[in-house]
Every structure is written in structure tokens, then in C-alpha cells.
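Quick notes on the structure that follows.
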2 protein chains.
Amino acid sequence: MPPTATRFAWLPHWLRHYQRAWLGGDVSAGLIVAVLVIPQSLAYTLLAGLPAEMGLYASILPVVAYALVGSSMTLAVGPVAIAALMTASALQPLAIAGTTEYVQLAMHLALISGLMFLAFGALRLGFLAYFLSRPVISGFVSGSAVMIALGQLKHILGVEAPSSSSAATLQGLWRALPQSNPTAIALGLGSMVALLLARRILAPALLRVGVGAQAADLLARMAPIATVIVGTGLVAWGQWDVTRQVAVVGSVPAGLPAWNLSLPGLSELGQLWLPALLISLVGFVGSVSVAQSFAMQRQQRIAPDRELWGMGAANIASALTGSYPVHGGLSRSAINFAAGAQTPLASLITAAFMVVIISLFTPLFYYLPLAVLAAGIIVAVFSLVDMATLQASWAYDRADALSLLATAVGVIVLGVETGIVLGVAMSLAALVWRSSHPHMAVVGRVPGTEHFRNVERHAVETVPGLLALRVDESLFFANATALEEHIETLMQADASIRRLLLVCSAVNQIDATALGMLTELEQSLSQRGIRLELAEVKGPVMDRLQPTTLGQRLQGRLFRSVHDAFVATDRQTDPHWQSP
Amino acid sequence: MPPTATRFAWLPHWLRHYQRAWLGGDVSAGLIVAVLVIPQSLAYTLLAGLPAEMGLYASILPVVAYALVGSSMTLAVGPVAIAALMTASALQPLAIAGTTEYVQLAMHLALISGLMFLAFGALRLGFLAYFLSRPVISGFVSGSAVMIALGQLKHILGVEAPSSSSAATLQGLWRALPQSNPTAIALGLGSMVALLLARRILAPALLRVGVGAQAADLLARMAPIATVIVGTGLVAWGQWDVTRQVAVVGSVPAGLPAWNLSLPGLSELGQLWLPALLISLVGFVGSVSVAQSFAMQRQQRIAPDRELWGMGAANIASALTGSYPVHGGLSRSAINFAAGAQTPLASLITAAFMVVIISLFTPLFYYLPLAVLAAGIIVAVFSLVDMATLQASWAYDRADALSLLATAVGVIVLGVETGIVLGVAMSLAALVWRSSHPHMAVVGRVPGTEHFRNVERHAVETVPGLLALRVDESLFFANATALEEHIETLMQADASIRRLLLVCSAVNQIDATALGMLTELEQSLSQRGIRLELAEVKGPVMDRLQPTTLGQRLQGRLFRSVHDAFVATDRQTDPHWQSP
């Protein structure tokens, strides 16, 4: 191994093995991302109810931290719409947006979320993200998109409106409608039309005239910065912020962020832990799925544990440099990927360029009209409304579709956190409901074979006095009672049964509740002179069953296969059996 | 069919087919239960923070309603300790115990709980009770027993103490200790010793002198009424309520309850729905398990849906006659069963006798000392503390044991509702965690057979380029990502693989999340020239898979058995495969 490999082992793999051929793509992608995501960063930060400069801070140290720790080659980290909405929704009940207290809470939210990411990574709790099923995530993203768009309408209209709930926002907008600002509306609608045209017409047109797919995509993605430049230019030229009362970003303080080393108090922790948990889970699922989809296109791999560490490092860096929760963003990663980024060096270049911008060019943002930023957000989030998943879920699995709808409607009507908790609860209820109604079949032997099939579907042989019941589900608290009742019904239907054989080929687990049920069932059956037997118990299940009371009592009644149980008719006179 | 069968079809089966032989047992059991459960009913009602007469009301119409609607022959319905504790815990934050408002809330709680029971029955939502696994129920009952005993200590000491939380109760008792009432302590401790002696010494002694087991049990169960008679007699004789400030039940209004037809308002509904849901679920699980254990001893059956209707009718009857939530009680059912009850006629006789008592004999309760009632409660609930289940769970399944402990500690430290919600959340988390780490095995053919086993445990044959992976779990949101990652790892470890065969013999369900993952996996693999195949897909899973995009794309790649897939080596040149 060359000496550099050991001396710089602390450096990430991509940096230690950096190839000159990658540099062109990384540098150009880094610069393009920095320029293109500035409007987005500002807009999402205002959406979170925070001062604009925090969006720029979020694009410096957090980006560096993720680049050095994360596992994706192309994921671009920074302010994203969903995290901004969740931040606003978590903090608005606790403080007034824009106050020092609110800003402090946002930083603490990032800190707690970052520490949770690290804890998930260390404790291997990444599985918590699995609680979010695809229908729940889809419903959550769609509902959030509607919420975000709704919250931006006030900027398009140039009025004030509350954002505590969808109902309050709609009422406020309705009441403020007569005071709306025609110039803001013109700027906002103009930008929206321009953005939609760029997406629907410009990109296909570029493709037709022979521009490559990635270049066409990138050019179409430049539309937001173009609307920002035109909008800012117009307002500055006409001094519309004064003459026509158009709301603008205003002065953004220049210079790097100060270090923030404050820690949340206990009562703050009590208020922020649930939002931080939900932001972390949603952010993890979102970031990993974005990272994975780009990695797959280049035959690369993502290490989920390293993603947790990377997101944790990024959020702690965000909190330390005075900013708020950051995630891997779909649109900024798409720009990065399309612009040819090969390694996280691109992100390091983005961060360096951001330092230049924040040091020298913040006065450029003064005249940036909020209506134009809002137009960019609305067009961006509407592509997140996902009807295809709803349709597919409806066709495939009604319960999943209902979880999706409940989550979306819950987010819009009851709020972001309640909506997602409702969706998770519904998908867990569906899981328990499905598992609580297991498919069960009485089986018999296909003549001349060792195969056993459902007696209701196939012409099979049975042994008098032996009932073989196959349960197509793990046995656990959700279905233990249903199984017990089904067995009692079968036993009462046929008084001649002397052996009940449970075929466990599909039983992957038996939990304590099901074990208790089986133990009682065995005793109750044996009092009635019926012998409980098991067949095809899987290795891991058998290992845990053996030392229990039930396992001891079942000695000699555990068959390797259903066939073995069928031929073992002499066992009924087993001397141990008579005195259980 | 005789004419009576059609004319009286609305009557319960047991009444239409009543046999004279049953009458003796039913009448004597009905009278014995009525007398023996009076102290219990009064005590639990005081524990719920309600006036004593409500405990008597709860033993009239609710008992009649359950007798006519329920399916158990021996379950005795009425006030029970856990429901009383849950009522107190739900209402104490909302109103001051003993006020008209508090009493009204208790009736509304019974009404909402009763309607929930009916709704569960009508919508077949009884499966919601399955969310309560045995460890959670065991932890909940043990924790509640500690809470109940703790709350009764103030009556033994003859002092006042808050009951808002365990910590507050302990602090209050500690501070009030110097003011404790020696007579109350003497009465309380005396009763406790008498009760423990009756249970530990009287019953075994009776058995030894030749009394039958059921009669001995019944005589031992008479101990509480004996302590009540002695205690009441002592206080009345010495006028200790005045001379020694011993707290007594006091005057209980005579006469039947008035009809209560008030309905809860919307805001009240918002406060009561969760406690009502938890009371209903806990009550349903408790009542059904008690009913089932007695039914099994006589080879009878319980119909869970009719139990829901019966509990619903009982609780609505309770609300209408000015009382609070009632459930099937273990100790009153045990008395009923031991005293020879054959049918619910016994309960009807209990109710009729209760009408006599409430009309004529309420002055007898005046001098009943609270310390004696508290002693009865403490001794009764301590038998509910269940260490055996904790030990068994700890040995069998650490996650289940932790759910049990979390529920018990949660109930004691954080309160009844938080404790049970915590336990349910933990058992669901354990379920998702287990399912998210499925057992997966690469399998090969046992030479000379059609059996396939784990390549790591057995000497088996494999086909070059074919990887057969068996997943021992249903595929759903909790393990879709884990499976995808495992497959990617396997694919990267062996670049020669051209066919990936998923063996689905243990896959009982595929949800929308897993379907989405498989659809993407199939596309990603096919881009890399790898063919995804499935084998041994179960009928119900196949039925839903077939019409999906994935099902369409997999045509010709779905094998009945692993063996079929192994021999189908020529399929690799299937013309459809080259252009997916």
C-alpha cells in the first residue's frame, strides 16, 4: 500500500483516490449548483419563517460536513422545502417567526435532529425510518406540497396572512384579497408562467434541436435563476419596493455566520423532540431515496449507516453555524448530477463559492421580490404532488391507499406532525389487521406424493382423527386469538379428531402472546384427549421454542415434515402421551 | 320446531331452552354474588371518585343488559378495579371528584365506551383489541395494581392525599403520616391480615377437613364480606366515626337510579374519546379472557362479536341509569362460577336482589369504614401483580419483556393512559423491528432430491449464474429496504449472476411499499442484464401480483417450485427476455 493510504486514512475514500479526470465535472457542477440553488435556499428559509441569510449559512458548513462524512457521490445537502415546512410548523406554536427566540429554536431543532441522526447511526436505529411506508411518505409529500403552495399564495398576492393552519390561511387570504398588490401578482404569475413554459416547452425544444438530454435538463433548470434576475432587475429599476410596495428580501447581512454554541433547555427538549424525530425520519427517508436513485444510475452504492452519520454531521454543523435543519434535496442533487459532479468535491466547491457570495454579493439580493421566490416554490412543489402512487395503491391494496389519503388529508387539515403520525398509525393498523386475519388451510396429502395441499381446493387424502392445519402467517399478538378461535371451531365441528397438527412452514416467528396461547391450547386440548403436534417448525423458531414449557411438553410431537406426521400413526399410543 | 321457538326467538338461547335442573345453581349463585360483591362494588366506585350508590346502580341494569345480550354463561358484569382506576385517571384532570360535573363525565364515559363497543361489533373492529399483546396487558395490570394499592393507602392511614400521580400520592402520604388515624390503621391492617389468613390458611384447611374444592374456594371468598360486617359492627357499636374520626361510607341514598338521558358535548367528546377507547379495549380483552377461561372449563364457547354487543349494551345501560364503565370482573365471575351458576339467570337474580338491597338496606352501609374497604381492594389487587409472565417473557423474548416492563413502569410513573399507549407503541416497534430483519438464506438443491436448503448449512448443488434467495418473512414496508440492500450486496459479491430467484414460500403478503421496491429492483437488475424470477408464490399473493406492472413484466418468470426454476435453464434465451 502506498504511504499516502495510511497517512491520510482519515480522509474519505473518494478524496484519497481522487482522479484528475473528475476535476472538470466537479468544479463546473459545484459552481452551477451554488448559483442555481441560491433562490431556492433563500425561498425555503423564508418559508421556514427565518431570516434569508440562514439559508446561505445552511449551504456552507453543513455541505462540507456531509461531503466529508456521507457515502453518496452526488447528493447535495442544504435547505429543502419539506424540512422548512416542518420547521415552521414545529416552531410557530412556540415563538413568533423572525424573533431571536424563534431563530434560536430553529438552531436547537437542527442540533437535536443532528444528534438523533448520530444516535440512530450508533444504535443502528435506522430501521425506525421503515415505519414510514411508501404510501405514507407519498401522502405526506403530496399533503406538504399543498400546504407549502398554500402558504406562498400570500407572497404572490402581496398580502399578509396567518400560517397557523390551512383553514386560517385560506380565511386570511380571502379577507386580504381586496388589498392584494397588482405588481406582486404580475411578478408572481409572470414567473410561474415562465417557469412552467421552461419546463414544458423549452426542454423538449432543446432536445429537438439536438441538445443532449442532460444539458437540456440543466438549461431548463436555469429558469428559476433567470426569473430571479429579471424580477430583481425590474424591482431595482423601478424602485418598486417603495413606489409599488412590492415586498422584497431586503438587506441580507454580509459575512460568515458566527458560531452558535447554545444548548436547548429541558423544557425546550420536551417541545422539540417529537418534531426533531419526525424531521430526522422524513429527512433520512427522503435523502437516502434521492441518493440511492442517483447512485443506481452510475452503479454506485449508498451505505445507509454512513448516510445517518453524514446527515447528523450536516445538521450539527448547521446548528453550530446559526442555521436550521438541512437534508439532501432532490432538485439540488439533480442539478449537481446533471452538471457532471463526480465526487463530493463538487459540494466543497459549492460551499467555497457560497463563502464568496455571502462575503461580497449579499447586496444583490436586496431587490429580490418575494413574489418571484414564491412562484419558484409553488412550481417546484407542485411536481411533488403524487397522484400516480395513489392510483397504483388504490388498485393494488385499498388499505395502503387509505393510509396515503389519511396522511395527505391529515397533513393539510390537522397539520404536518399530526398528519404523519396519523399515517404511521394507519399503516401499522393495516399491518396488524392483515396479520390478524391469517390465511389458514386444512391440508391433506396429494395421493402418491409427499405434497400436502388445501383440502378445499385439491383432491387429497386425510388420516382419520388427524387434522393438519397450515397457518400462513407468523404467530403473534395480532393473530393468536383468531387462530385459537379457528381451532376451537374446527375441533367442535368434528368430535372424532384426536390429533391436531399445526403446519408451521410459513410461521417465521412466535411471540410471547402466541406462545402463551399455544401453551394454554395444548393443555385445554390434552384435557379433552386431543394431541397437539407441530410440523415444519423453522430452525430459529424451534431454537426458542425448545426450552419453554410448551417445547418440553411437545417432545416427540414435533415433526420435521407433514409427511412424517402423517405416517406416524403409532405415536398416538406413546406412553408419555397418556399422562401429560 | 315447537311454537315457542319462533314466538320467543328474540329471547336468548339459554332462556328459550331453560332446564329446571339449572334453577337451583342459578338462584343460589345469583344471591351469593349479590351479597359478596357489594363491598367490592362500593370500594371500586369510591376508587373511581364517585358516590357509593353508583356502584350499586352499576350492578342492576348493566347486569340485566349483559345477561340478555352477551354470550358467556357465567361472566358477571359490574364495577371492576381497572375500569375504576382508568375512570378516575381520565376524569381527574377534567373535574373535581365527587362534583355533579365529575359524575356526569363518568356517565358520558360509560356511554361513549358503550357506543364504541357496539361500533366495534358492527364494524368488526374487535381486532383492535389484538393491539394489546399479552406482555402489554400483563404489564398494564401489574402497574395498575400497584397504582390502585398506592391510592388506597390513605384510607388505611385515615388521612387525605392527592391522587394525581404516584409521586404526588407518595409525597402526600409522607407528609400526612403524623396525622394518621390509629383506629383506621387498626381496622385496615386487621382486615388485611384476616383476608390474607382466609386465603392462605382457611381455604387449605377447609380442603384438608374434606370440604370440596369449590365450596372451600367459595367460603374463602366470603372473607371480605365478613371483614365488612365485623368492621361496620365495630364502628357502629363505638360510634367511631364521631368518637375516633374514622372515615365511613356515610349515607347512601335509597331507591332506584333516575334515568340519565344527557349527551356529551363536542369538546367533552374530544376529551373522552381516547380514555373511552382504552377503557373499552382493556375491558374487552379482560372480559373475554375471563369469560373464555370459565367457558373452557365447561366445554362452552364464547362468541367475541356477541361479547362486544353485550359489553356495549351493559355500558349504555350503565350510562342511562346514572353509573360508570362496567366490565366482566374476574373475582365476581369466579364467585358466580364457584357458586354453581349455570346460565345468565344467575345474573338476573343478582340484579333483582340488588334492587331489594338498594330499596331497603342502604342504611346498613352507613358505618362501613373506608379502611376496611381499602384493605379489601389492596389484598384483591395484589394477586393481579404478575411476576410469572415477566419471568417467562424475559426467558423467551427480551423485546416482549421490555414491553411489559415499559408498560408497568409507564402506568406507575406516567399514568394509566400514557403507560398503555407506551406499551402498545413498544410492542408495535418490536414487531416492525423483528420483521425488518428477516431471516434470508441462499438455497441450493440437496443432491438427488427436489429439496432446497441453505447453502451455508448443507452440502447442496447450485446452478452457475442462478442465485436462489429464500426470504422468511412477508414483504412489507418494514423490510423492503433491508431486502433490497441485501440483494444489492449479493449481486455485487458475484458478478457472474444472471438470474436472481426469490423463493417466496414464507412470503404471506406483499404490500405496496414492497411491490414498489420489487418493481424498481426488477428494472434496475434488467438494466444490468440480470433476470428477476419468483418461485413458490402463494395463491393469495399471486392473485394480487398478477395485474400489476411487475406481474406483467414477470410473465414466464414465475415458477411453481424452486425445482422448476432450477431445471428451466433454457429460459434464459427466452426471446421476451432480451427486450423487457
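Just so you know, all these numbers are worked out from the coordinates, no wet-lab data involved. In this text the structure is predicted, and so the values were computed from the model without any measurement. Note that each Cβ is placed from the backbone with ideal geometry, even for glycine, and that neighbours are counted across all protein chains shown.
With K and R counted +1 and D and E -1, the other residues having a Cβ less than 14 Å from that of A:ALA205 yield a net charge of +2.
Derived scalar couplings between HN and Hα for segment B:264-279 equal x, x, 5, 5, 5, 4, x, 7, 9, 4, 5, x, 4, 4, 5, 4 Hz in order, rounded to whole Hz, by the Karplus curve 6.51 cos²θ - 1.76 cosθ + 1.60 (θ = phi - 60°), x for Gly and Pro. When restricted to Cα atoms, segment B:180-316 yields an Rg and a Dmax of 21.6, 61 Å, respectively. Across the identical copies, the 7 Å label point of B:GLN179, projected outward along Cα→Cβ, sits 5.8 nm from its counterparts, in ascending order. Dimensions of segment B:273-328 along the principal axes, based on C-alpha atoms and rounded to the nearest Å, stand at 36, 22, 15, largest first. Since only B:SER323, B:PHE140, B:ALA213 are under comparison, the one whose Cα sits farthest along the positive direction of the charge dipole of segment B:20-427, derived from C-beta charges on Lys, Arg, Asp and Glu, is B:ALA213. Near A:VAL248, the amide H atoms lying under 5 Å from its own belong to A:LEU370; only residues 5 or more places off or on other chains count, and H is placed 1.01 Å from N. Indicate the gyration tensor shape class of segment B:209-269 (rounded, prolate or oblate), computed on the Cα atoms with a ≥ b ≥ c the square roots of the eigenvalues: a/c under 1.5 is rounded; otherwise a/b larger than b/c is prolate and the rest oblate. Note, shape of segment B:209-269 comes out oblate. Using C-alpha pairs under 8 Å with a sequence gap of at least 6, the mean separation divided by the residue count of chain B gives a relative contact order of 23 percent. In nanometres and ascending order, the distances from the A:ARG208 label point to those of the other copies are 10.5 (point 7 Å from Cα along Cα→Cβ). Counting only residues at least eight positions apart within a chain, or on another chain, the lysines with an alpha carbon under 20 Å from that of B:LYS538 are A:LYS538. Extents of segment A:245-294, taken as max minus min of Cα coordinates on every principal axis and listed largest first, are 40, 39, 27 Å. 3J(HN,Hα) couplings calculated from phi for segment B:490-496 with the Karplus curve 6.51 cos²θ - 1.76 cosθ + 1.60 (θ = phi - 60°) are, in sequence order, 4, 5, 6, 6, 9, 6, 7 Hz; Gly and Pro show x. Specify whether the C-alpha gyration tensor of segment B:440-578 places it in the rounded, prolate or oblate class, a ≥ b ≥ c being the square roots of the eigenvalues: rounded for a/c under 1.5, otherwise prolate if a/b is larger than b/c and oblate if not. Rounded is the answer for segment B:440-578, as its axis ratio a/c remains below 1.5.
Placing a label point 7 Å from the Cα of A:PRO547 along the Cα-to-Cβ direction, the distances to the matching points in the other copies come to 5.0 nm, shortest first. Reported value for segment B:50-109: 89 Å³ per residue, from the convex hull of its C-alpha atoms.
The alpha-carbon of A:LYS154 sits under 25 angstrom from the alpha-carbon of none of the lysines, leaving out residues fewer than 8 places away in its chain. Considering chain B at the alpha-carbon level, its Rg and Dmax are found to be 30.6, 102 Å.
All other residues whose Cβ lies under 15 angstrom from that of A:ALA401 are scored, Lys and Arg at +1 and Asp and Glu at -1, for a net of 0.
Dividing the mean sequence gap of close Cα pairs (under 8 Å, 6+ apart) by how many residues segment A:440-578 holds gives a relative contact order of 21 percent.
Is the shape of the protein assembly as shown best called rounded, prolate or oblate, per the rule: a/c under 1.5 gives rounded, else a/b larger than b/c gives prolate, else oblate, with a ≥ b ≥ c the square roots of the Cα gyration tensor eigenvalues? Oblate shape, in that a/c is at least 1.5 and b/c is the bigger or equal ratio. Put simply, the Cα atoms of segment A:237-364 extend 53, 46, 27 Å along their principal axes, the longest span coming first. Based on the reciprocal of the average 1/r between different C-alpha atoms, the Kirkwood radius for segment B:61-177 equals 16.8 Å. The smallest convex shape that holds all Cα atoms of segment B:416-487, its convex hull, gives 110 Å³ per residue.
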